[in-house]
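Asker: Submitted below is the structure of interest, expressed as structure tokens.
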Amino acid sequence: MADSDRKDLAGEVREFLSTRRARITPEQAGLPVYGGQRRVAGLRREEVALLAGMSVDYYVRLERGNLGGASDSVLEGLAHALQLDEAERTHLYDLARAATPSDRRPTVTASRVRPTILRLLDSMTDVPAYVRNARFDIVATNLLGRALYAPVFDSLLFARRGPVNSVRFMFLDPASRNFWTDWEKGADDAVAFLRTETGRAPHDKALTDLIGELTTRSGDFARRWARHDVKFHRSGVKHLHHPLVGDLALPYEAMDLPSDPGLRLNFYTPEPDSREREALGLLAGWASTGTAVPFGSDRPGND
């Protein structure tokens with residue numbers, strides 16, 4: 001690992017542990033609180049060490065970014081002391097793995113969508129569906145997915161530069177606040193997912209470049225990035241405003257594609273006989289017929 005990468009990783013570990021420590025009060029941790037004003041937000045380092053079952057010196061070393069070689073029992077102790085949820089615990093393990101010298105090959109994200117996945121998208125004729133990578137590049141979509149996300153695909157951001165990227169649209173195109181009616185939550189979730197991905201694939205240059213661009217160009221992104229929040233993005237309800245059919249509340253599922261590392265299938269499944277179901281029927285008629293559309297470096301209009 002290059003010195004610059006090692007320094008960046010140490011900074012990531014330091015900020016992640018310190019922000020998790022700062023959010024927990026002694027009362028929440030079940031510790032006694034005595035008189036006097038506390039100088040730190042949340043727990044002190046010695047309190048985390050006590051809860052994690054380790055020496056103060058060792059915890060201080062960990063929080064300075066020295067996670068390399070930490071055992072599973074140490075990581076479990078930290079996860080318990082800091083009350084980490086599933087996504088945060090996974091992120092901690094990813095950071096420790098990245099900090100530990102290994103002969104493992106770096107995580108590689110699939111770059112193309114296989115024909116079988118395109119045929120699957122084609123078969124999903126009554127639900128919007130698309131495939132994206134961990135950087136939020138939309139790499140393939142069925143026609144109804146393309147119709148639903150028309151404001152994203154039609155953004156001037158992608159007139160000369162591809163691929164279409166929903167998180168870039170979210171933070172760099174003002175129209176995104178009309179498209180996502182719950183923009184604040186969507187922005188929080190997107191940034192937390194990207195932070196999670198930096199632990200899984202710390203050497204992904206395209207991911208690093210995207211984060212650098214958004215941090216520089218968007219104060220909204222930079223503020224969220226500084227929180228070091230992480231989150232899994234598996235299911236929920238997306239609140240969208242489509243220019244043709246109006247407001248939509250669409251349940252969604254996001255499924256990783258095991259044979260295509262880094263790619264995931266996203267699809268929306270409205271309730272039967274709902275207004276959303278009717279609206280998607282109108283969009284399907286508008287989109288007419290066709291086939292799943294892959295998006296890559298050979299897409300017309302890409303530099």
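All of the numbers you see were taken from the coordinates with simple rules; none came from a lab. Note that the coordinates shown come from a computational prediction; the quantities given were computed from them, not determined experimentally. So basically every Cβ, Gly included, is an ideal-geometry build from the backbone, and we count neighbours across all protein chains shown.
Asker: To make sure I understand the rule: partners must be lysines, Cα under 18 Å from the Cα of residue 185, and not fewer than 8 residues away in the same chain. Which ones qualify?
Answerer: Those lysines meeting the cut-off are 231, 238.
Asker: Just to be sure I understand: with springs between alpha-carbon atoms less than 10 Å apart, which residue in 172, 121, 148 has the highest mean-square fluctuation in the Gaussian network model of the chain?
Answerer: Checking each option, the largest mean-square fluctuation is seen for 172.
Asker: Additional query: Please identify, among 281, 77, 30, the residue showing maximal mean-square fluctuation in a Gaussian network model of the chain using a 10 angstrom Cα cutoff.
Answerer: Fluctuation is largest for 30.
Asker: To the nearest 0.05, what FRET efficiency results for residue 40 and residue 288 with a Förster distance of 51 Å applied to their C-beta separation?
Answerer: Calculated value: 0.25.
Asker: Right, another one. Report the extension gain between residue 203 and residue 56 in nm, rounded to one decimal, defined as 0.36 nm multiplied by the number of residues separating them, less their alpha carbon distance.
Answerer: 49.8 nm
Asker: Between residue 232 and residue 116, how many nm apart are label points set 7 Å from Cα along the C-beta direction?
Answerer: Here the answer is 2.4 nm between the modelled labels.
Asker: Just to be sure I understand the model, the point goes 7 Å from the Cα along the line to the Cβ. What's the resulting residue 125 to residue 156 distance in nm?
Answerer: 3.9 nm
Asker: Further question on the same structure: Please list 3J(HN,Hα) in residue order for the range 143-156, calculated via the Karplus relation 6.51 cos²θ - 1.76 cosθ + 1.60 where θ = phi - 60°; whole Hz, with x for glycine and proline.
Answerer: 5, 6, x, 5, 5, 5, 9, 3, x, 6, 5, 8, 4, 5
Asker: Compute the distance in nm between two label points, each set 7 Å from the Cα along the Cα-to-Cβ direction, one at residue 73 and one at residue 86.
Answerer: Spacing of the two 7 Å Cα→Cβ label points: 2.7 nm.
Asker: Here is a follow-up. Just to check, using Stokes-Einstein with a Kirkwood Rh over alpha carbon pairs, what's the diffusion coefficient of the range 115-294 at 20 °C and 1.002 mPa s in µm²/s? Don't skip to the end; give the middle numbers.
Answerer: Working: Rh = 16.7 Å.
Answer, rounded: 128 µm²/s.
Asker: Can I ask one more? For the range 246-263, take each phi angle, set θ = phi - 60°, evaluate the Karplus expression 6.51 cos²θ - 1.76 cosθ + 1.60, and give the result in whole Hz per residue in order, putting x for glycine and proline.
Answerer: x, 6, 9, 10, 10, x, 9, 10, 10, 10, 5, 9, x, 7, 10, x, x, 9
Asker: Okay, moving on. Would you please give the FRET efficiency between residue 216 and residue 277, computed as 1/(1 + (r/R0)^6) with r the Cβ-Cβ distance and R0 = 30 Å, to the nearest 0.05? If you can, show how the numbers build up before the last one.
Answerer: Details: r = 42 Å, r/R0 = 1.38.
My answer for the efficiency is 0.10.
Asker: Let me ask something else. In debye, nearest 20: dipole of the range 44-84 around its Cα centre with unit charges on the Cβ of K, R (+) and D, E (-)?
Answerer: 140 debye
Asker: Can you give the translational diffusion coefficient of the chain in µm²/s, computed by Stokes-Einstein from the Kirkwood radius over Cα pairs at 4 °C and 1.567 mPa s?
Answerer: In µm²/s, the coefficient rounds to 61.
Asker: For the range 150-237, which trypsin sites (Lys or Arg not before Pro) are both in a DSSP coil and crowded by at most 16 other Cβ atoms within 10 Å?
Answerer: Here the trypsin sites (Lys or Arg not before Pro) that fit, given the DSSP loop and packing criteria, are 160, 161, 227, 234.
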